[in-house]
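Here is the structure we will look at.
The values are calculated or read from the model by the stated rules, or taken from the named source; none is laboratory data. Note that this is a predicted model, so its numbers are computed, not measured. Cβ placement follows ideal geometry from the backbone for every residue including glycine, while neighbour counts extend to all protein chains displayed.
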Amino acid sequence: MITTLLISVLVITAIAMVLAILMVIADATVGNYGEVHININQKKDLTVRGGQPLLKALNNEGVFIPSACGGRGSCGLCKVRVIEGGGAYLPTELPWISDEEKKENVRLSCQFKVKNDVSIMIPEELFSVRQFETKVESLVDLTHDIKQVRLKLIDPPTIDCKAGQFVQFQVPEYELTDEMVYRAYSMASIPSDNTHVELEIRQVPNGICTTYVHQHLKEGDTVSINGPYGDFFLRDTDRDMICIAGGSGMAPLKSIILDMAEKKSTRKVRYFFGARSKRDLFLLDEMKAIEKDMPSFKFIPALSEPLEEDNWDGEVGLITDVVGRLTENASESEAYLCGSPGMIDACIKVLKELGMPEERIYYDKFA
């Protein structure tokens, strides 16, 4: 009995070893796709190394596709249409691809590997995305876990962007990553200062980019970014605005509101900002200063779990509850939201209950 069991174990082990060897051989031979060609919008042809994700192949050639998660397949932003050479969908793509997008051959470029010649379509505006070399001009701790990073553009020296858009921040190899990676961050700076980019980066435990920024980045360091990206920007209407954010979701809304104040906008804006306790609030003085310069603007911070030592006399509760409590009717307004998926979904629900059409709710949902 024992002998039979030992023989079975040895046979299974041998089979596993053979399969492992075959996989190594396959990766070195069958997996070596050589050079392949990518045609973009029937205008631009690239020759790249086959077998790599489309997102990475394009990035290496200076064609940048937005990706909030840096190519991990967790944000669903890096979609492109593959006109020819697509092949079957991978399971990792399907959660992000709707039935309508399947009909249009839309693929998730971070998961789709270029194994043969392909023809793709991307939005024309992505051709204007640029890689920028920058210098860290200042680092400021806004809270215990949010750091303000101010970058001076070196090459090119200026950026043309809209308030609310984002850039991708590149992180070099270091102890948490053996290759260069990038993450998306909204710009908090005013667009008229086109020689700087300001980011507000929140520490995420074991986050590759946030750990690098909070523990390794120093003033004077050089940083590569690319952008601008995104359709989270102020719409050209005269409707009253409801803005809602929490944490580092402050960044794009700060940019939008600073831009409006500079342009002497008279649109009515109520900005609801949610935090857990007082130590999570920041830029209060700056928001109050904008209130003085822009009479139609009102900043409403709220704490969900104020501490006794906070001596807080402002609004208390989840930010969605505060919005519902202080808003009677939102049917003629439009909204701008920035935060986690859970917060965004909860805010959309409340705003719809207050009469706001969903097509007038614009948001930047963090991955």
Filter segment 324-367 for residues that are under 23 Å from GLN168 (Cβ atoms) and of a type in the set (D, E, K, R) and give the result.
ASP364, LYS365
Only residues that are assigned to a loop (DSSP other than H, G, I, E, B) and not hydroxyl-bearing (Ser, Thr, Tyr): list them for segment 127-146, please.
VAL129, LEU142, HIS144, ASP145
For the subset of segment 177-202 comprising residues that are in a loop (DSSP other than H, G, I, E, B) and modelled with pLDDT of 90 or more, which member is farthest from ALA245 (Cα to Cα)?
THR195
Just to be sure before I move on: is LYS264 assigned by TED's automatic domain parsing to the domain that holds LEU354, at positive phi and of a type in the set (D, E, K, R) in the structure I sent?
yes
Given segment 203-310, what helices (runs of 4 or more DSSP H) lie entirely inside it while holding 3 or more residues that are free of Cβ contacts under 8 Å to residues at least 24 places away in the same chain and either among the acidic types (Asp, Glu) or in contact with a strand residue (DSSP E or B) (Cβ under 9 Å, 6 or more places away or on another chain) (or both)?
284-293
Of residues in segment 81-101 being β-branched (Val, Ile, Thr) and within 20 Å of PHE366 (Cα to Cα), the one surrounded by the most Cβ atoms within 10 Å (Cβ to Cβ)
ILE97
VAL149: surrounded by 19 or more Cβ atoms within 10 Å (Cβ to Cβ) and among the aliphatic types (A, V, I, L, M), yes or no?
yes
Output for segment 343-367, where each listed residue is buried (at least 19 other Cβ atoms within 10 Å of the Cβ), of a type in the set (A, V, I, L, M) and not in a helix (DSSP H, G or I)
MET356, ILE361
The one condition in (1) outside any strand (DSSP E or B); (2) within 19 Å of ILE348 (Cα to Cα) that ASP313 fails to fulfil
(2)
Among the residues of segment 259-295, what is the count of those that are under 21 Å from SER189 (Cα atoms) and small (Gly, Ala, Ser)?
4
Among the residues of segment 173-224 satisfying the criterion of being of a type in the set (Gly, Ala, Ser) and buried (at least 21 other Cβ atoms within 10 Å of the Cβ), which is farthest from the chain's Cα centre (by Cα)?
SER189
For the condition modelled with pLDDT of 95 or more and of a type in the set (Phe, Trp, Tyr), what is the one hit in TYR174, TYR229, TYR212?
TYR212
Only strands (runs of 3 or more DSSP E) wholly contained in segment 1-108 count here; list those with 1 or more residues that are in contact with a Ser or Thr (Cβ under 7 Å, 6 or more places away or on another chain) and at pLDDT 90 or above.
35-40, 79-84
Return only the number of the condition from (1) within 27 Å of SER189 (Cβ to Cβ); (2) of a type outside the set (Val, Ile, Thr); (3) surrounded by fewer than 17 Cβ atoms within 10 Å (Cβ to Cβ) that GLU309 does not satisfy.
(1)
Counting only residues that are outside any strand (DSSP E or B) and over 19 Å from ALA184 (Cβ atoms), segment 110-126 contains a total of 6
Out of the residues in segment 102-133 that are within 18 Å of the chain's Cα centre (by Cα) and over 16 Å from LYS44 (Cβ atoms), which is surrounded by the fewest Cβ atoms within 10 Å (Cβ to Cβ)?
GLN131
Can you tell me which condition VAL140 does not meet? The list is (1) modelled with pLDDT under 95; (2) loosely packed, with under 14 Cβ neighbours inside 10 Å, and all the others hold.
(1)
Qualifying residue in segment 161-170 (condition: in contact with a Phe, Trp or Tyr (Cβ under 7 Å, 6 or more places away or on another chain), at positive phi and not acidic (Asp, Glu))
yes
